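Since the structure comes first, as structure tokens, the remarks are kept for the end.
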Amino acid sequence: SENLTMALQSGQPVIIDFWAEWCAACHELEEKTFSDALVMEKLKQFQLLKFDATDESEVLKEYKNKFSIQGLPTLIFYNGQGKMISNLTLTEFESPQAFQDRLDKILESKK
């Protein structure tokens, strides 16, 4: 989508967070990990796009194919060069500390 294109051109790394109302792990990420002070500080260096996947849609179908989304949550990461770092895709709850480490890896990825 336009938002993704603009985000990728920003020169900042990008996170696409696919979540849904019915997804317990999504809420857990929101409440425990994204609300963590150190995570919030680190996230300032990223463009964060949240995609509400609660209801099926054509756009969601396209993204599911594009990113091979099997379930939720699914967090997709691009580095600052606009390259998707597929080995760091997150598909479950992760603690704030582990998530910070993941964000560091994205920030360090220059290729």
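List of remarks:
- Approximate spin-label separation HIS27-ASN3, in nm, with each point projected 7 Å along Cα-to-Cβ: 2.2 nm
- Note on the range 85-107 and the range 1-79: Cα centroid distance 12 Å, given to the nearest whole angstrom.
- Helix-only [θ]222 nm of the chain, DSSP H runs n ≥ 4, -39500 (n - 2.57) each, per residue, nearest 500: -10500 deg cm²/dmol
- Counting only DSSP beta bridges whose two residues both lie in the chain, roughly 55 percent are antiparallel.
- Plainly put, the range 25-107 has a radius of gyration that is 0.95 times its Kirkwood radius, both from alpha-carbon atoms, as the Rg/Rh ratio.
- Ordering of 14-25, 55-66, 79-90 by burial proxy (mean other Cβ atoms within 10 Å per residue, highest first): 14-25, 79-90, 55-66
- A viscosity of 1.567 mPa s and a temperature of 4 °C, combined with the Kirkwood radius over Cα pairs in Stokes-Einstein, give a translational diffusion coefficient for the range 61-111 of 110 µm²/s.
- Cα-based reach from LYS110 at 19 Å (exclusive), listing aspartates and glutamates while leaving out same-chain residues under 8 positions away: ASP101
- For the range 1-64, alpha-carbon Rg and Dmax in angstrom: 13.1, 36
- Straight-line reach from LYS105: taking Cα to Cα under 20 Å and skipping same-chain neighbours fewer than 8 places apart, the aspartates and glutamates in range are ASP17, ASP36, GLU41, GLU92, GLU94.
- Modelled spin labels at LEU49 and ASP104, positioned 7 Å past Cα toward Cβ, are 2.8 nm from each other.
- Based on Cα contacts under 8 Å between residues 6+ apart, the range 46-111 shows a relative contact order of 26 percent.
Each reported figure results from applying straightforward, stated rules to the coordinates on display, with no laboratory input. Everything numeric in this text was worked out from a predicted model, so none of it was measured. Positions of Cβ are backbone-derived with ideal geometry, glycine not excepted, and every protein chain shown enters the neighbour counts.
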